[in-house]
Amino acid sequence: MKNIILEANNIKKCYDKEHVLNIENIKIYEAAFNFLIGPNGSGKTTLLNILSMVDTDFKGDIIYRGQKVKKDKVDALKLRRKFSVIWQNPYLFKGTIAHNIGLPLKLRQVKTKEIEKKVKNIAKELEISHLLKKSHNELSGGERQKASIARALITNPEILFIDEPNNSLDYESAKYFNNLFSKLIDEGITILLITHDLYQIEHYADYITLLDKGKVSKTGLYEEMDI
Amino acid sequence: MDYILSALKDAINLILTLDPEVSNVVGTSLKLSLTSTFLAALFGIPLGIIVSKIDFKGKYFLNTVLNTLLSLPTVVLGLFVYSIISRRGVLGEWGLLFTIRGIIIGQVLLIIPIVVALVRNAIHDIDEKMYKTAMSLGATDSQKFWLLISEARYGIIGALITSFGRVIGEVGVSMMIGGNIKGFTRTITTAIAMETNKGRFGFALALGIILLSISFIINFILYFFQSGESK
């Protein structure tokens, strides 16, 4: 069993007085491929927003490396800066792809020259150097997703949250990124991935949490689970 | 036909020789319009953001009022401001009637609804995903605000250019509040109206050509920014 990097207890989230999430406990294991699965509307993305501290309007506790996290702006921001999120339909800011990829570093006040160097390196690594000078709206769905993956990885996050990344990727790109994510886990990065892709689950999952109607219905090591 | 050609010849001559009277009128108009647009931006941009992003009681009503004010006739606004700043008005003691400051007040009131409404639309058009993405990238609250402004920049610049275009071409406020005083509050539009009545067609035509050129330049810049929106 690997170490727990992130844990959430008694998470409750309401929309219009209706509980959409009621999670007693969920654990995210360090340097592992954690999968979050479940039917549409089961609360997967809502939970991802909470765990990544993008949404702090919820009841319950988030524990990061054994420490309870305060939900105030300072602590939430500190934690968010340790994480990265790859969204299902990524939003790219107006400007070039190089600007978009370097933006998280710019927000952390990294020097321009260093940003340029890191952008070039990550683009080369992900084989998207040819996209750097393109404008944000000149890209195909798959290319947008690749750019957003580069943007998420440029900060070397401790936890990478990924919301159904393969929807806009072709087979070859999806395979490439699955392998890349595995490599990142070997390097010590933790991944929480939402997916409906059975192939991905079968080949890559270390831990699985199954959500149903806003509650955890099953959780544990993939090998020990009967799904 | 000779009469039109003669007026056109006079007009071109006045423009090319940089006639002092024409230059003075154009200078006054540009100074007034730029100042009014700047002041309207100062109040209108924050208001537009507030109206777009913050929910409050009466927001629906305010938006309806704003949309109505977009097509406010300038003479009606002129009449309203006149009633306030004329000697018997609430601000009569301030001596604003027939002054540059008086015209600026009227023009700012004229274009603030335009700035607010267009900035509101520009901010409103931004995808909700932007906020979530900015947060996940590690933006602070102030960085999120600047990212929002940056994403809406073409819309905001467009709002200011549209306002400038509206204000430089208006005649009601300038005429009623400014009084069309030569060398002081005479603008391009009030001068055109008066000089045409006096029969100085060449002079009026010269100003007309300049106003049309300014309008063309404004629209050219506006188109540039609007096409930038899609890049």
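Nothing in this text is a laboratory measurement; each read-out follows from the coordinates by a stated rule. Please read all numbers here as calculations on a predicted model, not as lab measurements. Note that each Cβ is placed from the backbone with ideal geometry, even for glycine, and that neighbours are counted across all protein chains shown.
Could you size up the charge dipole of the range A:35-146 around its Cα centre, putting +1 on the beta carbon of Lys and Arg and -1 on that of Asp and Glu, and report it in debye to the nearest 20? Could you put the intermediate results ahead of the total?
Numbers: 24 positive and 11 negative charges, 102 e Å.
Around 480 debye, computed over the range A:35-146.
What angle do you read, to the nearest 10 degrees and between 0 and 90, between the alpha-carbon axis of helix A:112-125 and the longest principal axis of chain A?
80 degrees
Sort B:Ile85, A:Ile26 so the one with the fewest other Cβ atoms within 10 Å of its own Cβ comes first.
Going from sparsest to densest Cβ surroundings: A:Ile26, B:Ile85.
Pick out which of B:Ser29, B:Ser71, B:Ser142 has the largest mean-square fluctuation in a Gaussian network model of chain B, springs linking Cα atoms closer than 10 Å.
Of B:Ser29, B:Ser71, B:Ser142, the most mobile in the Gaussian network model is B:Ser142.
Run through all the Cα pairs of chain A and give the fraction in each 10 Å bin from 0, expressed as whole percent.
In whole percents, the pair-distance histogram is 8, 33, 36, 20, 4, 0.
Using the alpha-carbon atoms, what tilt in degrees (0 to 90, nearest 10) does helix B:74-85 show relative to the longest principal axis of chain B?
Around 90 degrees separate the two axes.
Starting from one equal scatterer on each C-alpha and no solvent at all, send me the Debye-based log10 I(q)/I(0) for the range B:9-77 at q = 0.15, 0.20 Å⁻¹, two decimals.
So the normalised log intensities are -0.72, -0.94.
In this model, which of A:Lys71/A:Lys215; A:Lys13/A:Lys111; A:Lys111/A:Lys146; A:Lys124/A:Lys218 are farther than 29 Å apart at the alpha-carbon?
A:Lys13/A:Lys111; A:Lys124/A:Lys218
When each pair of different Cα atoms in the range B:6-139 is counted once in the 1/r mean, what is the Kirkwood radius in angstroms, to one decimal?
Averaging 1/r across every pair of different Cα atoms and inverting gives 18.0 Å.
Report the per residue volume, in Å³, of the convex hull enclosing the C-alpha atoms of the range A:22-84. Working shown, then result.
Values: hull volume 6.4 nm³, N = 63.
Output value, Cα hull per residue: 102 Å³.
For each pair in A:Lys44/A:Lys134; B:Lys59/B:Lys132; A:Lys133/B:Lys132, compute the distance between the two Cα atoms and list the pairs where it is over 28 Å.
A:Lys44/A:Lys134
Tell me which aspartates and glutamates have Cα within less than 20 Å of A:Lys113's Cα, excluding those fewer than 8 residues away on the same chain?
Result set, ordered by chain and number: A:Glu125.
If one takes the longest principal axis of the Cα atoms in chain A, at what angle in degrees, from 0 to 90 and to the nearest 10, does the Cα axis of helix A:97-107 lie?
The answer is roughly 60 degrees.
For peptide B:128-135, how many partner chain Cβ atoms fall within 10 Å of a residue's Cβ, on average?
Shielding by partners across B:128-135 averages 6.
What size of dipole, in debye to the nearest 20, comes out for the protein assembly as shown about its Cα centre when the only charges are +1 on Lys and Arg C-beta atoms and -1 on Asp and Glu C-beta atoms?
1460 debye
Using bins 10 angstrom wide from zero, how does P(r) for the range B:106-163 break down, in % of all Cα pairs?
Per 10 Å bin, starting at 0, the Cα pair percentages come out as 24, 42, 24, 9, 1.
Which of A:Ser168, A:Thr112, A:Ser129 sits closest to the plus end of the dipole of the range A:79-184, meaning its Cα is farthest towards the positive end, when Lys and Arg get +1 and Asp and Glu get -1 on the C-beta?
Looking along the dipole axis, the top candidate is A:Thr112.
Using alpha carbon centroids, what distance separates the range B:51-100 and the range B:178-231, in Å?
If we compute the Cα centre of each part, the gap is 24 Å.
How big is the range A:96-227 by the Kirkwood estimate over distinct Cα pairs, in Å?
Computed over the range A:96-227, the radius equals 16.2 Å.
In the range A:57-116, if every C-alpha pair distance is counted and binned at 10 Å from zero, what percent goes to each bin?
Spelled out bin by bin, the range A:57-116 gives 17, 38, 31, 13, 0 percent.
Give me the three principal axis extents of the protein assembly as shown from the C-alpha atoms, as integers in angstrom, largest value leading.
97, 49, 36
Using unit Cβ charges (K, R positive; D, E negative) and no other charged atoms, how large, in debye to the nearest 20, is the dipole of the range B:77-231 about its Cα centre?
The calculation lands at about 480 debye.
How long are the semi-axes of the equivalent ellipsoid of chain B, defined as square roots of 5 times the Cα gyration tensor eigenvalues? Whole Å, largest first.
Values: eigenvalues 286, 106, 35 Å².
Semi-axes from the Cα gyration tensor: 38, 23, 13 Å.
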